Amino acid sequence: MDTAWFLEVLEKEGLSLADAAERAGADAAVPACPGWRTRDLVRHIGVVHRWAAAFVADAHTAPRPMGEHPGLDGPELVAWYRDGHRRLVDTLAGAAPDVECFTFLPGPPSALAFWARRQAHETTVHRFDAESARGGTPSPIAADLAVDGVDELLRGFHARPKSRVRTRTPRVLRVRATDADAVWTVRLSQEPPVTTRDAAGDAECELAGPAERLYLALWNRAPVPTVSGDPGLAALWREASAVV
């Protein structure tokens, strides 16, 4: 896992998010986030960036709440976001590789790798949101980043007890990127999903498509490109997969 690569993604996506938010204007609706305006999106991601940076900067090893949203709007709010994004990138770039601090997902080999990866994806998804609010065609998401993001979502977020994607009886869902060597098998039950990076066994439903479209679909930003088999499992994902 290349921390430097994730930092490059984080820097680029954060700058694009700020540019899109400026062009959209504070009152623009965010299509994938019902009830949100661009100002809500910018306040949210700005608080998240400061929250993440503080864990690394302080080597803080226990969970703690996010800060309050600022009472800013318009250009001042975007400037505040830019400052926090810059602080996050610089904090992660300057941190010791073996820094010990709080993390909340399995997978990455170090706390620094975790935060670089998590904030790269957090910012990419919300950059898409900001560009959707702006209007026009959102910038593309590279297939390798999208594959990693699907992996983080399936084998990280939904491996936690918080996942609400459950079934009364065992079921099997497959997720397949058609433009990359990437396939996942998601075993569902009354317990948290168990996902493996393979195509072992039969699946009752398969979600397939280019990695970028799968990434956006699994984060509930776009429809699943292709659903085969039992559509009920695809519907279950839409209804129950929101990350909390």
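The values are calculated or read from the model by the stated rules, or taken from the named source; none is laboratory data. All of these numbers come straight from a predicted model, not from anything done at the bench. Note that we place each Cβ from the backbone using ideal geometry, even for glycine, and neighbour counts take in every protein chain shown. What goes into the accessible areas is simple: the full protein's heavy atoms, side chains included, and nothing from ligands, DNA or RNA. Shrake-Rupley method; radii C 1.70, N 1.55, O 1.52, S 1.80 Å.
Residues considered: 11, 131, 191. Largest GNM mean-square fluctuation over the chain, using C-alpha springs under 10 Å, is found at 191. Here the contact order of the chain, divided by its residue count and restricted to Cα pairs under 8 Å and six or more residues apart, works out to 18 percent. Could you compute the net charge surrounding residue 205? Neighbours are other residues with a C-beta less than 9 Å from the C-beta of residue 205; K and R count +1, D and E count -1. Local charge sum for residue 205: -1.
Counted by Cβ distance under 15 Å from residue 135, the other residues give a net charge of -1, where Lys and Arg count +1 and Asp and Glu count -1. Projected label points at residue 2 and residue 100, each 7 Å from Cα along the beta carbon direction, are separated by 3.0 nanometres.
Placing +1 on each Lys and Arg Cβ and -1 on each Asp and Glu Cβ, with no other charges, gives the chain a dipole about its Cα centre of roughly 700 debye. Stokes-Einstein D for the chain at 37 °C, 0.692 mPa s, Kirkwood Rh over Cα pairs, in µm²/s? Estimated via Stokes-Einstein, D reaches 176 µm²/s. Look at the alpha carbon pairs under 8 Å that are at least 6 residues apart: their mean separation over the length of the range 73-146 gives a relative contact order of 16 percent. 3J(HN,Hα) couplings calculated from phi for the range 177-184 with the Karplus curve 6.51 cos²θ - 1.76 cosθ + 1.60 (θ = phi - 60°) are, in sequence order, 8, 8, 10, 8, 7, 8, 8, 10 Hz; Gly and Pro show x. With contributions of -39500 (n - 2.57) from each DSSP H run of at least four residues, the per-residue ellipticity at 222 nm computed over the chain stands at -16500 deg cm²/dmol. The apolar share of the surface of the range 9-63, taken as the fraction of accessible area on carbon and sulfur atoms (1.4 Å probe, ligands and nucleic acids excluded), comes to 51 percent. For the range 66-208, the Cα-based Rg and Dmax, in that order, read 18.2, 54 Å.
Taking 0.36 nm per residue of separation and subtracting the Cα-Cα distance, full extension of the segment from residue 169 to residue 235 would add 22.1 nm. Neighbours of residue 189 by Cβ distance under 12 Å: Lys/Arg scored +1, Asp/Glu scored -1, total +3.
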